[in-house]
1. How far is it, in nm, from the label point at Ala379 to the one at Ala347 when both lie 7 Å from their Cα along the line to the Cβ?
2. Please report, to one decimal in angstroms, the Kirkwood hydrodynamic radius of the stretch 524-584 built from all distinct Cα-Cα pairs.
3. Residues with amide H under 5 Å of Gly236's amide H, sequence separation 5 or more or different chain, H placed in the peptide plane at 1.01 Å from N; which?
4. Strictly greater than 18 Å: what percent of every Cα pair in the stretch 566-632 meets that?
5. Give the distance, in whole Å, between the Cα centre of the stretch 339-358 and the Cα centre of the stretch 570-632.
6. Could you go through the stretch 619-628 in sequence order and give the Karplus-derived ³J(HN,Hα) for each residue, using 6.51 cos²θ - 1.76 cosθ + 1.60 with θ = phi - 60°, rounded to whole Hz, and x for Gly and Pro?
7. As an exercise, identify the trypsin sites (Lys or Arg not before Pro) in the stretch 548-598 lying in DSSP coil whose Cβ has no more than 10 other Cβ atoms within 10 Å.
8. Given a cut-off of 32 Å, name the pairs among Lys523/Lys623; Lys59/Lys222; Lys42/Lys289; Lys322/Lys490 whose C-alpha atoms lie farther apart than that in the structure shown.
Amino acid sequence: MASQVKLNVVRFGVYEFAPDTRELWRQGIRVRLEGQPVAILKMLLDRRGELVTREELQKELWPQDTFVDFEHSLNAAVKRLRAALHDSADQPRYIETLARRGYRFIAPVAGRGDGTSAPASVAVRTPLVPTKPLSVGYRKLWLLAPLLCAIAVVAWAWREWRHRQVTAARVIRSVAVLPLENLSGDPSQEYLADGLTEELIGRLSNIHGLRVISRTSSMQFKHTNLSVPAIAGTLGVDAVVEGSVIREASRVRVHAQLIRGASDEHIWAEQYQGEYPSILGLQEDVTRKIAERLQASLAPQERRRLAPSRTVDPEAHEDYLKGLYYFNQRTSEALNKSIAYFRQAIARDPNYALCYSGLADAYALLGFRDGVLSNEDLARAKAAATKAIELDPSLAEPHSSLAFIAETQEWNWAAAEREYKRALELNPGDAGVHHWYAGYLVYVGRPEQGVTEESQARDLDPVSLPVNNALAGRLLAAGRDDEALAQVEKTLELDSHFAAAHQTLGWIYLNKRKPKEAVNEFKEAVQASGPDDTEFILDLAFAYAIAGNRGEAHRILAKLIQEHERGTTSSAPIAILYGALGELDEAFAWLDKAYEERDPELTYLNVRRRRFEPLRRDPRFKKLLLRMGLGN
């Protein structure tokens, strides 16, 4: 008979824990749990039903000479333990929190010290030994041999197939980097955790064949209570990277771990500690370790991209991280702060290419705030992007900035496509480049290709509201109304108050010849965004005109003309609204003004089934397309 080694095993719920070896199983499957979380579990089980104070945990697990912020580290360790047990702080099944005092294990426990067998996954089996010779005759055995061989072949083939299936299931082809937790106890250090998260995403996205979820989607899970399997399922990834960062004076410690998404299995975990100036090398180590655990083979070119190309001034790097932090807030005030930090970093380290790249992005975005074009800011953006490429030709981001400027300011379509393609060659995993390139393809009259590119952006940034909504817009431009409707409904499931999604739904209704429904959706967009958003007000007025409510359309038109006189609205919206009202001479007169102003709204001139559609049949429209380089 098969025999099993007797181990000291504790059973609770669907879990089994061996205190001697500190191994945890869930329904016979090993759960990767290491370091402080497993030590905490052992202490709680040793004293199940009793309060284990925070002071006792600190004394046992974090000696006085340990470099750590104890309060935050304990909270993080308990959080990782609860995640491994699929437990909740609000409705605990296993670990109860006693506020400001400690923790208590509350689940029923069985099997401790009673000689209970270990799970099947750790059982040691002895071979079966026949007690007497087989009674089957030689002739009968010979007759059965072909059948036995066939069974053996089938069994072997099944085992091989099963092995390939299991191996394929364990290969990691996609990963999400969750926001690193700031455990410093100082909210002003949030920029460091966010910046290191973004840099780690950027480094991993350079690994060929690995799909890395964009920062926009990953950051939505900051301070989340969702389990790793739930997050991985939402983002559609095989694995998740999570961790924390602690900074005290000039010392920094980063903890990182790689977790399999479906099973919550800890594949790898490591802790790095050192002086802040060595943080770039630390990031390189983390990236390489993760790549090794992913079994990703790094080509020489990829290795060069993962490694810092030059020594960077530590204070300049810190300014760069602060610049990233404010850039990602996207408000005009925050963009100006990001520019100040990027410029300060450049003053400290004039050859720091990433700072020029960040500066280019900030100036480009600031140049298009509130629908008013700032040629001065865009010129600065172009100069900064050019300098970044001069310092580091391997950077993808400045090529994307140059493409955006060539497309929206210069209307140099060939240069824009060249720069977008170069950016994607350098970093095919950049969701933002796929997103902007998709828009370009729609602008130049290639909407089906735009759908393909936007779909790639959505795969890399699956819960981004702008990307999901843009995919609906690309589908609409391609004439795929029903698919566009389904996609915008998915976007509204993510956020029912997202103004741009109601705007896209309004345009779907207009193309389905349902102007009243369109008016309602545009009203929703205005309500969600505020009464001063020119873009949504314009679309509402457009729908009023199509629905026959000319009075409301003219009222909004008069307001736009007043704003134009104050310099707060460009000329194109006024031309669009005159076109919707059928007043074509006025429309083309304002379009001429928009052309002279190089109004970025004219980028959309060739997009079918949108704002310029009422003007399309007029011969003057084709002439304008030719002037912009968009005509055939």
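Read-outs throughout are calculated quantities, based only on the coordinates presented, and are distinct from any laboratory measurement. Here the structure is a predicted model, which means the values were calculated and not measured. Ideal geometry is used to build each Cβ from the backbone, glycine not excepted, and the neighbour counts take in all protein chains shown.
1. 2.3
2. Details: mean 1/r = 0.0871 Å⁻¹.
The answer is 11.5 Å.
3. Here the answer is none, since no amide H 5 or more places off falls under 5 Å of that of Gly236.
4. Numbers: 567 of 2211 pairs.
Distances greater than 18 Å cover 26 percent of the Cα pairs.
5. Comparing the Cα centres of the stretch 339-358 and the stretch 570-632, I get a distance of 39 Å.
6. x, 5, 5, 5, 4, 5, 4, 5, 4, 8
7. Those that pass, being in a loop and sparsely packed, are Arg566.
8. Correct reply: Lys523/Lys623; Lys322/Lys490.
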